[in-house]
Amino acid sequence: MGALNLRARLLLVVFLALLGSSLIILHTWTQQRRLMRVEMEAHVLRLTRMVAMEDEQLLDSTRTLLSVLSLVPEVRTLEAGTCGPLLWHVLEAHPLYANLGVVDARGSLVCSGIRAGAPANLADRDFFKGAMARNAFSIGSYGIEPATRKAVIYFGQPLQGSDGRRLGVVFASLELKWLDGFATRVEIPEGSVIVAYDRRGTVLARYPDEQAWVGRSIVEAPFVQASFHEKMGVVEAPGPRGMRRVHAFTSLGSGPLGQPLYLSIGVPHDVLENSVRQVLVRDLVLLWGAGAFALLLLYTAGRMLVVRPVERLVQAANRLGSGDLSARSELPYGPDELGRLARSFDAMAGSLDAAVRTREEFLEVASHELKTPLASLKLQLQGVLRSMKGGAPLQPGQLQERLQFAERQVWRLGQLVEQMVDVKTAAEGGLHPVLERLDLVEVVRQVVEGLAPQLARADTPVVVEADASVVGWWDRGLLEKILGHLLSNALKFGQGRPVEVRVRAEGPVARLAVKDHGIGIAPEEQARILGRFERAVSVRHFGGLGLGLWLVQKMVGVMRGSITLRSEPGQGTECLIELPREPRLTRPEQDAMPPDGGSSMHLF
């Protein structure tokens with residue numbers, strides 16, 4: 001994968017999608033084969049139900065017909081000359097029957113609807129034995145009619161004399177012609193066969209080629225053997241001519257007309273497979289044809305739609321990496337992924353460009369801020385050295401004044417260095433307050449007293465309005481730096497006017513406000529003034545690194561507080577600090593918190 005370019009990877013994705021779709025089609029094909037066999041079983045079941053329904057109708061109509069014939073005088077006389085013509089006319093009206101006839105009490109054939117050859121004796125037939133023994137309607141077994149070579153079943157109705165003596169039996173033989181009708185009503189694939197056979201495996205009916213198969217034994221056929229052990233199933237086996245068929249078979253239990261009967265539908269294996277295979281081949285051809293077109297389209301259009309925009313992004317990234325901060329993607333910002341990527345890249349490049357410009361401006365300002373006290377310090381020290389090397393000696397007051405001036409420059413340098421160290425610590429998330437129980441009013445007064453010399457030189461009075469005591473858990477060092485930055489800004493931008501410092505306790509919150517009456521901040525500048533290296537005025541008119549308010553915001557934030565600016569141009573600026581008086585701790589930190597007046601604790 002590492003050596004593949006973007007276009008090759010896109011083509012690989014499409015190929016894998018085609019491969020996955022092919023596997024799904026193959027799985028569907030196997031399911032279709034299974035469903036085809038299930039459908040064959042359903043065909044056999046429907047055929048069985050149709051056979052059962054016609055069985056009931058044929059049985060009722062045959063019982064009624066024989067009952068009526070047993071009462072007809074021409075039949076009861078047992079005379080061939082009178083019953084033969086009658087049965088012939090009845091047989092013509094009922095074509096489903098193979099024959100109608102009368103046998104006497106000894107089983108000898110008296111007459112029949114069709115002309116018989118040699119005299120026949122039917123005493124060994126099941127229908128005759130049943131009718132004579134039970135003196136009731138009787139059903140024989142399936143058999144092959146010798147004269148017609150057709151599968152038939154015999155029914156018998158006893159003939160009784162007026163004295164109750166059994167005179168003989170009137171019978172009907174029913175030909176199994178129902179199979180031809182079923183074959184036209186049941187939809188089966190071309191080349192299929194329907195076979196009906198008995199419990200000995202003898203073919204009773206077959207569609208097609210009935211005449212060639214009736215009476216033949218197929219007991220060795222695998223589906224016949226399987227049908228003797230299972231109610232219903234499917235077996236795949238070769239036929240007598242080597243053609244493989246899938247046979248779905250079922251047993252009718254007691255069978256139609258009271259006798260066991262088995263049915264089988266055999267579908268050629270090739271027909272079954274081809275019908276499913278054609279669908280498989282068609283689907284695969286359509287899938288891979290569409291896939292080939294998609295691959296070709298992706299190969300030709302992929303460069304314009306995907307590869308070329310990505311290459312332009314890579315070129316812009318290389319330019320940016322080589323130091324060209326003006327590099328941009330120059331791609332349209334659409335709603336798609338590439339459009340959003342181009343927008344994000346250009347925004348990143350713009351932020352990087354702005355950050356580098358800000359850094360350069362900061363370095364320029366920082367060098368200026370550092371050079372100013374260093375130059376003043378150098379001049380004062382050079383003056384002292386000249387006086388000590390033979391120049392005009394300095395009076396003690398003059399020497400003290402110069403040394404005090406040099407001390408102030410050193411202090412200023414120290415403040416600048418400390419501010420830059422604080423910036424690095426805050427940017428890296430290294431501000432971890434050490435909380436202790438403090439009186440905020442006391443801290444404010446101490447800081448104001450420590451800045452008294454600077455306030456005197458700036459000729460700016462500071463008025464402190466505070467409650468008697470505002471006690472809470474804070475970091476002393478951070479509080480002193482926060483107040484130092486705010487007062488420094490008030491002195492710088494307050495134009496010598498009084499500065500107000502207010503300290504109030506309002507429930508769980510301590511409020512510290514520092515307000516000057518100087519130049520103020522324009523509304524459009526207030527949203528960004530809390531940013532790093534941001535300033536609301538030109539560096540030419542006011543010094544500083546543009547870090548004071550940003551540091552204040554960071555320091556207030558680590559103590560879970562907030563800062564708010566209120567300012568109007570020419571009306572001054574008020575910075576409002578809100579600090580929780582109790583630390584917001586988790587349960588374990590609360591358990592570890594010292595009692596009032598105890599030692600300090602760290603808040604991370």
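Run down Leu438, Leu377, Leu416, Leu363 and say which single residue is more than 24 Å from Lys481 (Cα to Cα) and either aliphatic (A, V, I, L, M) or at pLDDT 75 or above (or both).
Details: Leu438 fails: more than 24 Å from Lys481 (Cα to Cα); Leu416 fails: more than 24 Å from Lys481 (Cα to Cα); Leu363 fails: more than 24 Å from Lys481 (Cα to Cα).
Testing whether each residue is more than 24 Å from Lys481 (Cα to Cα) and either aliphatic (A, V, I, L, M) or at pLDDT 75 or above (or both) leaves just Leu377.
If you check Val306 against the conditions, is it over 24 Å from Leu12 (Cα atoms), open to solvent by 20 Å² or more (accessible area, probe 1.4 Å) and modelled with pLDDT under 75?
Criteria not met by Val306.
Here the stretch 430-458 is the region considered, the condition is being outside any helix (DSSP H, G or I) and open to solvent by less than 50 Å² (accessible area, probe 1.4 Å), and the residue that is nearest to Ala490 (Cα to Cα) is Leu451.
Just wondering, is there one or more residues in the stretch 552-563 that are modelled with pLDDT of 85 or more, closer than 20 Å to Glu465 by Cα, open to solvent by 20 Å² or more (accessible area, probe 1.4 Å) and outside any strand (DSSP E or B)? No, the stretch 552-563 contains no residue that is modelled with pLDDT of 85 or more, closer than 20 Å to Glu465 by Cα, open to solvent by 20 Å² or more (accessible area, probe 1.4 Å) and outside any strand (DSSP E or B).
Annotation note: of Leu78, Leu16, Leu26, Leu35, the sole residue that is at pLDDT 70 or above and either outside any helix (DSSP H, G or I) or among the acidic types (Asp, Glu) (or both) is Leu78. Considering Ala294, Ala301, Ala290, the condition of being open to solvent by less than 70 Å² (accessible area, probe 1.4 Å), modelled with pLDDT under 75 and under 28 Å from the mean Cα position of the chain (by Cα) is satisfied by Ala294 alone.
When restricted to residues that are modelled with pLDDT of 80 or more and not charged (D, E, K, R), the stretch 175-213 contains 8.
Within the stretch 221-240, one or more residues are assigned to a loop (DSSP other than H, G, I, E, B), modelled with pLDDT under 75 and not acidic (Asp, Glu).
The values are calculated or read from the model by the stated rules, or taken from the named source; none is laboratory data. Values in this document were obtained by computation on a predicted structure and should not be read as measured data. Ligands, DNA and RNA are excluded from the accessible area calculation, which covers all protein heavy atoms including side chains. Shrake-Rupley method; radii C 1.70, N 1.55, O 1.52, S 1.80 Å.
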